Amino acid sequence: CPPCRDSVPEMNMLFEKFKGRNFELLAISVDQGGDVRSTVGSFVKQYGMSYTVLLDDRNASKAFEVTNIPVIIIIDKEGKPVKRHIGFMPGLSGNLSKEIEALL
């Protein structure tokens, strides 16, 4: 989706900013069918994603009640979801950075 593509540069920036600080950024693709591994792999390369991208077997989207994409879920050290951002708007990484910093 276009907002998913638009989010990559800011997610890369967050990943670089917080890596090595007890922080992990994971993307989970909800794409299905066809050669999804190849399609997602091409997307990762094309957009220069520096963080881990996983494929959802529908368990993750079900567990985190994902009904719209993109959705950004911040999970604390205990594994509890504490913040949810549905959609993406340029500049969101500023808010995300503050929320992440408060949990580290």
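The values are calculated or read from the model by the stated rules, or taken from the named source; none is laboratory data. Predicted model only: the values in this text are computed from it and were never measured. Every residue, glycine as well, gets a Cβ built from its backbone with ideal geometry; the counts of neighbours run over all protein chains shown. With ligands, DNA and RNA removed, areas are computed over all heavy atoms of the protein, side chains included. Shrake-Rupley method; radii C 1.70, N 1.55, O 1.52, S 1.80 Å.
Worth a mention:
- Solvent exposure of the chain, expressed per residue, is 66 Å² of accessible area, with all protein chains present and a 1.4 angstrom probe.
- Evaluated over the chain, the count of Lys pairs having alpha-carbon atoms less than 16 Å apart is 6 (only pairs 8 or more residues apart or interchain).
- Gained length - Lys83 relative to Asp6, 0.36 nm times residue gap less alpha-carbon distance: 25.7 nm
- Of Asp35, Asp56, Asp76, the one that fluctuates the most in a GNM where the chain has Cα springs shorter than 10 Å: Asp35
- Rounded to 5, percent antiparallel among DSSP beta bridges of the chain: 55
- Nearest-20 debye value, the chain charge dipole, Cβ charges on Lys, Arg, Asp, Glu: 120
- Between 0 and 90°, nearest 10: helix 92-103 axis offset from the chain longest Cα axis: 60
- Take the Cα of Asp76, step 7 Å toward its Cβ, do the same at Asn22, and the gap between the two points is 1.3 nm.
- Here's how it looks for Val53: its modeled amide H is under 5 Å from those of Ala27, which are all 5 or more places away or on a different chain.
- Shape class for the stretch 54-104, computed from the alpha carbon gyration tensor (a ≥ b ≥ c): oblate, with a/c not under 1.5 and a/b at or below b/c.
- The candidate values were (i) -0.52; (ii) -0.41; (iii) -0.47; the one computed from these coordinates for log10 I(q)/I(0) by the Debye sum over Cα atoms at q = 0.13 Å⁻¹ carries the label (iii).
- Positive contributions from Lys and Arg (+1) and negative ones from Asp and Glu (-1), summed over other residues with Cβ under 11 Å from the Cβ of Val82, come out at +1.
- Inter-label distance, nm, simple model (7 Å from Cα along the C-beta direction), Tyr51/Glu99: 1.1
- Dividing the helix sum by the residues of the chain, where each DSSP H run of 4 or more adds -39500 (n - 2.57), gives a mean residue ellipticity at 222 nm of -13500 deg cm²/dmol.
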